[in-house]
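Single-structure report; data block below.
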Amino acid sequence: MLSETAVRQASGDRGEPHWLLERRLEAVRAYHKLSWPVEAAELVAPCADVDRAASARIKTEAEAQSQGLVFMTLQEGLKAHPRLIEKHLGSVVAVDFDKAAALNMAGWSDGIVIYVPRGLEVSLPLQADLGTGGGAFQRTLIVADEGSSVHYLEGCSAPVGSPAALQAPVVELRALPGARIRFTTLQDWPRRVVNLAVKRARADAGASIDWVDANLGSRLTVKRPGVVLAGKGARGRVRSFGFAGAGQRLELGAEFIVEAPETEAELDLRCVAMDGGEVSSGVMVQGRAVRAQVKSEAFLLDEASRFHAETAQGVVAQSRTSRPTADQLSYLMTRGFDRRQAVALLAGGFLAPFARELPLEYSVEFLRLVDLALEPEPS
């Protein structure tokens, strides 16, 4: 059970600074006051604890690190760059943002920190694999200084025997004036997992944030990446994909908080559902006027699957639902494909625009995972 006593003990065992312990204890108190989102309340385990077994595998880029790039685990960052972590950890996602965020701040054991110095353009994507050690509350912090740019690739999965059924990761991005951050996630959780991810960014004047997100595997995913458009000319873009099969539900979308003029916001969502899978898409825009583009498309492989799109008041949105037609399937089957192969080909064509948003190795893996998801359930 999550308690101040357990948090004090875990923090002491790791030798964490006093300021971090105080934030963790504040998060414990917030956790016990908050409620789970309605869509997750019946699925989330009734108890939570501190995360004692997390791991992160980092692929370093030596040239950029020689120019001042910081890329390490969060626990390493606490020792090597304590002032950086103290200043930015929790600055975008407050401890009481929601129950999952409070649980994460109280219980995380490790994660990733990236700092990109002023003017540095990191030429190759940075990569890390999270979740391989069973940790449920990974935390990622990326700070891009003025005029810098970085692309981060995150792979999320869990071994078959992992006990963690609840995943509550938090990602915080901070783009200073003129900086660019692109954050790409490819998740493939086991079917038992409930994934309540909190992903928020703050973009200063002329800065841009790009979220690229692929969601497969879990029985429930609630994920709506957010961007605070804090400076003039800031831009936020969310490109999201979801796959839902039997017994799976996805709550996807985006949130934009507008604090400055001449800002832009964009959501482009594509999803595939089969065997009664359910997907919903929503966008929220708060604050001043913003140039917003919202597009959501669903490819439903049977009549039992469902897609629902909601948009913020005053936002012009495009929403489209399609299904494989009898003519399409007949044509492909006369060319030697069986029905499953024909459906997979049509789904692949539908997903091609999203796959092109991914680096080559991630695109290949993404299409492979979708093809596996289209396989019929074993009888």
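The values are calculated or read from the model by the stated rules, or taken from the named source; none is laboratory data. Owing to the predicted nature of the structure, the values given are computational and were not obtained by experimental measurement. A quick note on method: Cβ atoms are made from the backbone with ideal geometry, for glycine too, and the neighbour counts reach across all protein chains shown. Surface accessibility is based on the protein's heavy atoms, side chains included, excluding ligands, DNA and RNA. Shrake-Rupley method; radii C 1.70, N 1.55, O 1.52, S 1.80 Å.
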Taking Cα pairs closer than 8 Å and at least 6 residues apart, the relative contact order of region 276-333 in percent is 40 percent
FRET efficiency, 1/(1 + (r/R0)^6) with R0 22 Å, evaluated for GLN65 and LEU360 via beta carbons: 0.40
How much area per residue is accessible in region 287-379 when the probe is 1.4 Å and only protein heavy atoms are counted (Å²)? 63 Å²
Distance in nm between THR334 and TRP19 label points, each 7 Å along Cα→Cβ, equals 7.1 nm
How long are the semi-axes of the equivalent ellipsoid of region 331-379, defined as square roots of 5 times the Cα gyration tensor eigenvalues? Whole Å, largest first. 22, 15, 7
Packing-wise, with mean Cβ within 10 Å as the measure, how do 300-308, 178-186 rank, highest first? 178-186, 300-308
Taking the Cα centre of the chain as the origin, how large is its charge dipole in debye, to the nearest 20, when only Lys and Arg (+1) and Asp and Glu (-1) carry charge on their Cβ atoms? 340 debye
At q = 0.15, 0.19 1/Å the base-10 log of I(q)/I(0) from the Debye formula over the alpha-carbon atoms of region 242-324 is -0.54, -0.75
Sorted by average packing, counted as other Cβ atoms within 10 angstrom per residue and highest first, what order do 23-34, 3-14 take? 23-34, 3-14
For the chain, modelled as a Gaussian network with Cα springs under 10 Å, which listed residue fluctuates most, LEU269, LEU220, LEU78? LEU78
Take every Cα pair under 8 Å in the chain that's 6+ residues apart, average their separations, divide by the length, and report that relative contact order as a whole percent. 10 percent
Report the per residue volume, in Å³, of the convex hull enclosing the C-alpha atoms of region 152-239. 71 Å³
Leaving out ligands, DNA and RNA but keeping every protein chain, what accessible area does CYS156 have, in Å² rounded to the nearest 10, with a 1.4 Å probe? 20 Å²
Rg to Rh, two decimals, where the chain supplies the alpha carbon set and Rh follows Kirkwood: 0.97
For the full complex of protein chains and a 1.4 angstrom probe, list MET1, MET333, MET105 by accessible area with the highest value first. MET1, MET333, MET105
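If you roll a 1.4 Å probe over the chain with all protein chains in place, what percent of the accessible area is carbon or sulfur?
51 percent
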Amide H partners (placed H, <5 Å) of SER149, local residues excluded: LEU120, GLU121, VAL122, ARG180
Give me the accessible area per residue for region 66-112, probe 1.4 Å, as a whole number in Å². 37 Å²
For region 199-266, just the Cα set please: Rg and Dmax, both in angstrom. 13.8, 44
Taking only protein heavy atoms into account and a 1.4 Å probe, give the accessible area per residue of region 143-252 in Å². 23 Å²
Full-stretch length increase - ARG291, LYS79 - with 0.36 nm per residue and alpha-carbon distance subtracted: 72.1 nm
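For region 245-361, what relative contact order do you get, as a whole percent, if you take Cα pairs closer than 8 Å and at least 6 residues apart?
Numbers: 205 pairs, mean separation 26.4, N = 117.
In percent, rounded to a whole number, it is 23.
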Among PRO17, VAL38, ALA326, flag the residue with its Cα farthest along the positive direction of the charge dipole of the chain, charges on Cβ as +1 for Lys/Arg and -1 for Asp/Glu. PRO17
Within the under-14-Å Cβ sphere about SER218, not counting SER218, Lys/Arg +1 and Asp/Glu -1 give a net charge of 0
Could you check which residue among LEU173, LEU329, LEU369 shows the biggest mean-square fluctuation in a GNM of the chain with a 10 Å Cα cutoff? LEU329
With every protein chain present, what accessible area does LYS79 have (1.4 Å probe, heavy atoms only), rounded to the nearest 10 Å²? 150 Å²
Expected 222 nm ellipticity per residue - DSSP helices of 4 or more, -39500 (n - 2.57), all of the chain, to 500: -7500 deg cm²/dmol
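Can you give the extra length, in nm with one decimal, that the chain gains between HIS308 and SER3 once fully stretched, where that is 0.36 nm per residue apart less the Cα-Cα distance?
This chain segment gains 106.0 nm when fully extended.
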Label-point separation, ARG368 to GLU259 (7 Å along Cα→Cβ), nm: 4.2 nm
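If you average 1/r over every pair of different alpha-carbon atoms in region 186-231 and take one over that average, what Kirkwood value in Å do you get?
For region 186-231, the Kirkwood estimate is 12.0 Å.
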